[in-house]
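Take a look at the structure set out below.
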Amino acid sequence: MKKIFVKGLALVSAAIVMASCTKNFEQYNSNPYGVDGDQMLRDGYALRAAMTGMASAVISTDVNTTQFTECLLGGPMAGYLSDSNQGFRNTISNYNPTDNWTNVLLSSDRIIPTFFANYGDIARLTSNEVILSIADVIKVAVLHRVADTYGPIPYTQIGQGGKIQVPYDSQETAYKAMLADLDKAIEVLTANRSNNINASADVVYHGDVQKWLKFANSLKLRLAMRMVYADPATARKAAEEVAAHSVGAFTSNEDNALYDNFNANAKNPFYVVQVEYNGGDSMAAADIIAYMNGYNDPRRAAYFGKSQFDGYDYVGLRHGIVMPANDVMHKFSPINIAMDSPFVWMNAAEVAFLKAEAVAVFGFNMGGSAKDFYEQGVRLSFEQWGVSGADAYLTDATSKPAAYVDPTGSNNYNGALSNTTIAWEENATVDAKQERIMIQKWIANWLLGNESWADIRRTGYPHIIPATAEGNKSNGLVDSEFGARRMKYPSDEYINNGANLRTAVSTMLGGADEMSTRTWFDCNPKVK
């Protein structure tokens, strides 16, 4: 892996942490990734540069940044990917990571500094309230992932008075501020939903304002369900507002939020990590393939390549283990990805499953039945991946996730992952309904690892394979079955914004900045 820091950039010459580095916000708000002053006069080009720059920070388009945040953090914690480079010694999967593995969502210059640099350019380029509202939607898309990873983050005060060395907000405060930002954006976008913007400036929706409105509503629903155990009243209000909205959230794969700007010169980072790095630094995980093998899921061929083990079509590599030699690890199933595959930020299937859970588990009024939303989610996922057979899949009331058998014989898992079948059961318990929904949502959200890790922490579903006794190198700090609950704050943050960070840790995290510390939304009493 290459170093994640790009020290020559003026933006981050002092430091690269969102709430710590540059005392002059205008300096911080200059854009080294965008265009120069003369080019800024060409509004169409400049607007595209700034909007593309903001979009590139949601799931970073930088290979090394994405490798850390998606492949080495979100992927293993969600049971999607497993590290397959035998040279890795301190990993998130083994619960003994070094700071440069866990600090990236706060510390990489390609996420928060890149976003805010371009966000500042947008404010200087235009007073168009539609474009400014879209920028605020992207802001929430970027920063809720940071809050989900660490807990408290600076959100409400960042940039005020030209300062970014500011106090932290609790995760509760940050989430409610994000909902407020989305509500403001939704109001503007609703009033202007037919007033499309310059298509060439928008690499996500190509100027379609109504689709940005649907994304804002969908993101609001995601945040509502994230906080449903921590603040059920606010969650209900937000979720039901989305359901009652005149345009609403995603209902079709045509609505999906996609960053679709990859090509031979700017390859999808997953492709680079999977195909070009050492024969693949990450392979498909044992968890997702065990579930899908047991269900005989037709999407397997779309998600994974065939393994090189005789007698095994699809077999995943267990994470949280003492890794075998590279030549063995690379026999496990790789992920299927092309160099120009888009980044999916959010899909219509996820929205359907969010609605299904809201109805089945919490009794929210989402304008339909849990069964209909659940089955819609499965069908949308099959359609998204170009796979047939959804109707037959949905009638399967017998298939269950398979046991995990390691072809090398070293890391079998004999425990039952789940006894949950596919077909909807209206008379099932609430817990059983939630598990069924969350398993199918997890399968549909393939490669959205950070999102699924948050779901696993919030609900306990799906059950994923724990680290082995030898693979858990946390010295007892992280329970193998319970898993990591968050990432530790970057060491640079203790140096550059130490007083504010220590206050946040002591008052908002109970004094423990550890991977085992539960965050605000991670409070489901059934998850222990």
Is it the case that Ala249 is small (Gly, Ala, Ser) and either out of contact with any strand residue (DSSP E or B) (no Cβ under 9 Å at 6 or more places or on another chain) or at pLDDT below 95 (or both)? yes
Can you tell me which of (1) under 21 Å from Glu451 (Cβ atoms); (2) at pLDDT below 95; (3) not polar (S, T, N, Q) is the one Tyr277 doesn't meet? (1)
Could you identify the single residue in Glu254, Glu276 that is open to solvent by 40 Å² or more (accessible area, probe 1.4 Å), out of contact with any Gly (no Cβ under 9 Å at 6 or more places or on another chain), acidic (Asp, Glu) and over 18 Å from Leu72 (Cα atoms)? Glu254
Boolean, Ala499 is at negative phi and touching a Pro at 6+ places or on another chain (Cβ under 6 Å): no
Does Tyr271 count as hydroxyl-bearing (Ser, Thr, Tyr) and open to solvent by 10 Å² or more (accessible area, probe 1.4 Å)? yes
All conditions in (1) more than 21 Å from the chain's Cα centre (by Cα); (2) farther than 30 Å from Gly510 by Cα; (3) open to solvent by 10 Å² or more (accessible area, probe 1.4 Å) are true of Gly207 except (3)
Could you look through the range 362-388, keep only residues that are on the phi > 0 side of the Ramachandran plot and in contact (Cβ under 8 Å) with a residue 24 or more places away in the chain, and pick out the one that is surrounded by the fewest Cβ atoms within 10 Å (Cβ to Cβ)? Gly386
Odd one out for Ala392, checked against (1) open to solvent by 30 Å² or more (accessible area, probe 1.4 Å); (2) part of a loop (DSSP other than H, G, I, E, B): (2)
Out of curiosity, is Ile186 buried (at least 17 other Cβ atoms within 10 Å of the Cβ), part of a loop (DSSP other than H, G, I, E, B) and touching a residue at least 24 places away in the same chain (Cβ under 8 Å)? no
Have a look at Glu470, Glu451 and point out the one that is touching a residue at least 40 places away in the same chain (Cβ under 8 Å), touching a Lys or Arg at 6+ places or on another chain (Cβ under 9 Å) and open to solvent by 10 Å² or more (accessible area, probe 1.4 Å). Glu451
Which numbered condition in (1) surrounded by fewer than 22 Cβ atoms within 10 Å (Cβ to Cβ); (2) part of a helix (DSSP H, G or I) is the only one that Ser418 fails? (2)
Residues that are surrounded by 22 or more Cβ atoms within 10 Å (Cβ to Cβ) and within 28 Å of Ser218 (Cβ to Cβ), drawn from the range 301-343: Tyr303, Phe304, Ile335, Phe343
Out of (1) more than 24 Å from Tyr80 (Cα to Cα); (2) more than 18 Å from the chain's Cα centre (by Cα); (3) open to solvent by 10 Å² or more (accessible area, probe 1.4 Å); (4) not basic (Lys, Arg), the one Pro490 does not meet is (3)
Go through the residues of the range 344-361 one by one and say whether even a single one is open to solvent by 40 Å² or more (accessible area, probe 1.4 Å) and within 21 Å of Asp455 (Cα to Cα). no
Output yes when any residue across the range 178-186 is under 23 Å from Asn103 (Cβ atoms) and at pLDDT 95 or above, and no when none is. yes
When you scan the range 60-174 for helices (runs of 4 or more DSSP H) that lie fully inside it, which ones turn up with 3 or more residues that are open to solvent by less than 30 Å² (accessible area, probe 1.4 Å)? 63-66, 104-107, 112-125, 129-150
Taking first residues from the range 428-447 that are without any contact (Cβ under 8 Å) to a residue 40 or more places away in the chain and second residues anywhere that are of a type in the set (Val, Ile, Thr), the pairs with Cβ under 6 Å that are 6 or more apart or on different chains are Glu435/Thr420
Only one of (1) modelled with pLDDT under 95; (2) out of contact with any Asp or Glu (no Cβ under 8 Å at 6 or more places or on another chain) is not met by Gln157, so which one is it? (2)
Kindly indicate the residue of the range 223-251 that is of a type in the set (Lys, Arg) and buried (at least 17 other Cβ atoms within 10 Å of the Cβ) and also farthest from Ala349 (Cα to Cα) among those meeting that condition. Arg236
Can you tell me which residue in the range 404-415 is nearest to Ser82 (Cα to Cα), limited to those that are at pLDDT below 95 and not polar (S, T, N, Q)? Gly409
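The values are calculated or read from the model by the stated rules, or taken from the named source; none is laboratory data. On a predicted model such as this, the values are computed, not experimentally measured, just so you know. For neighbour counting, all protein chains shown are included, and Cβ atoms are generated from backbone atoms with ideal geometry for every residue, glycine included. Heads up: the accessible areas ignore ligands, DNA and RNA and are worked out on the full protein's heavy atoms, side chains in. Shrake-Rupley method; radii C 1.70, N 1.55, O 1.52, S 1.80 Å.
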